[in-house]
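The values are calculated or read from the model by the stated rules, or taken from the named source; none is laboratory data. None of the values given here were measured: they were computed from a predicted structure. For neighbour counting, all protein chains shown are included, and Cβ atoms are generated from backbone atoms with ideal geometry for every residue, glycine included. The accessibility values were calculated without ligands, DNA or RNA, using every heavy atom of the protein model including side chains. Shrake-Rupley method; radii C 1.70, N 1.55, O 1.52, S 1.80 Å.
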Amino acid sequence: MGTSTPPRRRAILTGGLAAGAALLTACSSKDTAGPGKAAAGTPSPAPAAAARPDSPSSAFARLMEGNKRWVDGKLQHPDRDPKRREFVAEEQDPYGVILSCIDSRVPPELVFDTGLGDLFVMRTGGQVVGPVVVGSVEYGPMTSGTPLIVVLGHQRCGAVKAAYEALKDREPLPGNLQSIAEALRPAYRETVKQQHADPVDAMVRIHTRQTAADLRTNKDLAPLVKKGELAVVGAYYSLDTGRVEVLTGAPSA
């Protein structure tokens, strides 16, 4: 994990400084997100360099715009060329943190049409958390002012289905897979309190909301949320449509 320019210093660097000045200040990515051209043969050209979102609402809007392009099949593939690689080689300044499942069908960089240096991404089975994962989620907001965290659950989650069945049948999963089931037990308990047509899908959504709430009230992240410097969003990804649905915590404009 690279270092980032402190928020106060990045604020000084904004305002359209000349390229030479940006280089002298370690190419703060607060001023530009890099050229990011689309690969040859793609139907949509890459967008021009865009400023890094500085607020929870602008970061959230950037992600949701990217998801709309994904749904519509109008990808721009931003920040994915050698110039962008060179631009972020010395330091990074992502505008979002994504905690998602390991499922191969839910790659956050594609789902939100982002590129190199745009996101911190953590992926675990069923997007469950533990101390190391929470520490990884905290890294961006606490060290470089990353303004947005998204906990992303998804449709037909195999990890949640396996945990639901293991907990319901009281048959432990093999090996360390049982640790995933135990981490999902609070969501399971909440799920079985009510009748659901699809209890596994309900459990995905409940677990996503619970995880987002836990992070939002985390003793280290809560002060940033209270100041309006950070938003923690719970969201749900549809495998059928590609659309990201917001469950909780969307920042106001």
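For segment 202-246: of the residues being under 17 Å from Gly135 (Cβ atoms) and of a type in the set (Lys, Arg), which is least open to solvent (accessible area, probe 1.4 Å)?
Once the filter is applied, the top-ranked residue is Arg216.
Test each condition in (1) open to solvent by 10 Å² or more (accessible area, probe 1.4 Å); (2) within 15 Å of the chain's Cα centre (by Cα) for Ile149 and report the one that comes out false.
The number of the failed condition is (1).
Within segment 202-253, which residues are of a type in the set (A, V, I, L, M), closer than 23 Å to Arg156 by Cα and free of Cβ contacts under 8 Å to residues at least 12 places away in the same chain?
Ala202
Output the qualifying pairs, or none if there are none: Cβ atoms under 7 angstrom, residues six or more apart or on different chains, first residue in segment 190-201 and touching a residue at least 40 places away in the same chain (Cβ under 8 Å) and closer than 15 Å to Glu165 by Cα, second residue open to solvent by less than 100 Å² (accessible area, probe 1.4 Å) and in a helix (DSSP H, G or I).
Once the first residue is touching a residue at least 40 places away in the same chain (Cβ under 8 Å) and closer than 15 Å to Glu165 by Cα and sits in segment 190-201, its partners that are open to solvent by less than 100 Å² (accessible area, probe 1.4 Å) and in a helix (DSSP H, G or I) give Val200/Val160; Val200/Tyr164.
Looking at segment 90-109 only, could you name the residues that are in a loop (DSSP other than H, G, I, E, B) and either of a type in the set (Val, Ile, Thr) or modelled with pLDDT under 95 (or both)?
Those that are in a loop (DSSP other than H, G, I, E, B) and either of a type in the set (Val, Ile, Thr) or modelled with pLDDT under 95 (or both): Glu90, Glu91, Gln92, Asp93, Ile102, Val106.
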